[in-house]
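Chemist: I'd like to ask some things about the structure below.
Just so you know, all these numbers are worked out from the coordinates, no wet-lab data involved. In this text, all values refer to a predicted model and were calculated from it rather than measured experimentally. Counting neighbours? That spans all protein chains shown, and the Cβs are built from the backbone with ideal geometry, glycine included.
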Amino acid sequence: MDELTRGAEEAGARVERVYLRKLTISPCLEIYGCMDTGRCVIRDDFQYLYEQIVSTHAVALASPIFFYTVSSHTKIMMDRCQAAFVNKYCRKERMSENMRPGIFLSVGATTGKLLFDGVLLSIRYFFDAIDVELKDTVLVRGVDEKGAIRRRPDTLQEAFDIGLRLRKTISA
Ligand SMILES: Cc1cc2nc3c(=O)[nH]c(=O)nc-3n(C[C@H](O)[C@H](O)[C@H](O)COP(=O)(O)O)c2cc1C
């Protein structure tokens, strides 16, 4: 993600980084306040994050693979975006007029062929709810200990190039 954002910034994008583990966000409680209001009614750090998701021109999301899906922090954030799903498919109010470009980055310790299959399905559906289309991925197998990604120069370059390209696909 550091390399991707470096690329995007070098191409002129303004990037806001959000570290989900630093936020206090309740899981979705399935109370469906969003059916009435169009917004999640649980008051916590998610409210500000949701505003950022609404107003951004592109999304890059990174999560390690935990049990063949995203991390818990990521999943909680995704579930809280159920308000966007409700808006789009029940209230017929989309978050964005146009689909916005999205990137997903992930690493897993193992090297199996199916490592990213489950997570990609979740990400595509999540992105759709927030009017984001998955345009590029950086998916790296065999990465376990902290910092190991730094020994993959080709992957870092790939992420940087995706960041550069991403800026060019944004119309604003
Ligand atoms: C709770 C947990 C579940 C994990 N599940 C998987 C898994 O299903 N498949 C896999 O290849 N690696 C799995 N891993 C290993 C992580 O994907 C790996 O350590 C990764 O490099 C962590 O990335 P990070 O340091 O950027 O958080 C798991 C690690 C943890 C802590």
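Chemist: In segment 120-145, whose amide N lies under 16 Å from the spot 7 Å out along Cα-to-Cβ of Tyr68? List them in ranges.
Modeler: 120-123
Chemist: From the backbone phi of segment 133-142, what are the Karplus-calculated ³J(HN,Hα) couplings (6.51 cos²θ - 1.76 cosθ + 1.60, θ = phi - 60°) in whole Hz, Gly and Pro given as x?
Modeler: Each residue of segment 133-142 in turn: 10, 5, 9, 8, 9, 10, 10, 10, 8, x Hz.
Chemist: What does DSSP give for segment 2-167 in terms of the percent of beta bridges that are antiparallel, rounded to the nearest 5?
Modeler: 5 percent
Chemist: What order do you get for 153-163, 121-131 when each peptide is scored by the mean count of other beta carbon atoms within 10 Å, highest first?
Modeler: 121-131, 153-163
Chemist: Sticking with this structure for a sec: What residue among Ile31, Ile149, Ile65 has the largest mean-square fluctuation in a Gaussian network model of the chain, using Cα springs under 10 Å?
Modeler: Ile31
Chemist: Here's a follow-up. Using only the Cα atoms of the chain, what semi-axes does the equivalent ellipsoid have when each is the square root of 5 times a gyration tensor eigenvalue? Give whole Å, largest first.
Modeler: Working from the Cα gyration tensor, I get semi-axes of 27, 19, 14 Å.
Chemist: Under 5 Å between amide hydrogens, which residues at least 5 positions from Leu139 or on another chain qualify, with H placed 1.01 Å from N in the peptide plane?
Modeler: Those qualifying (amide H under 5 Å, at least 5 residues apart or on another chain) are Ser106.
Chemist: What distance in nm lies between label points placed 7 Å from Cα along the C-beta direction at Arg94 and Ile31?
Modeler: A separation of 3.1 nm, rounded to one decimal place.
Chemist: Can you give the local net charge around Asp44? Use residues other than it whose beta-carbon is closer than 15 angstrom to its beta-carbon, Lys and Arg +1, Asp and Glu -1.
Modeler: Spelling it out: positives minus negatives among the neighbours equals +2.
Chemist: Along the Cα→Cβ direction, 7 angstrom out, place labels at Arg14 and Glu145. What is the inter-label distance in nm?
Modeler: Here the modelled spin labels are 4.1 nm apart.
Chemist: What percent does the relative contact order of the chain come to when contacts are Cα pairs within less than 8 Å and at least six residues apart?
Modeler: 32 percent
Chemist: Turning to a different aspect of this structure: Based on DSSP H runs of at least 4 residues, each adding -39500 (n - 2.57), what is the mean residue ellipticity at 222 nm of the chain after dividing by all its residues, to the nearest 500 deg cm²/dmol?
Modeler: One gets -12000 deg cm²/dmol as the mean residue ellipticity at 222 nm.
Chemist: Taking the alpha-carbon centroid of each part, what is the distance from segment 81-149 to segment 1-68 in angstrom?
Modeler: 12 Å
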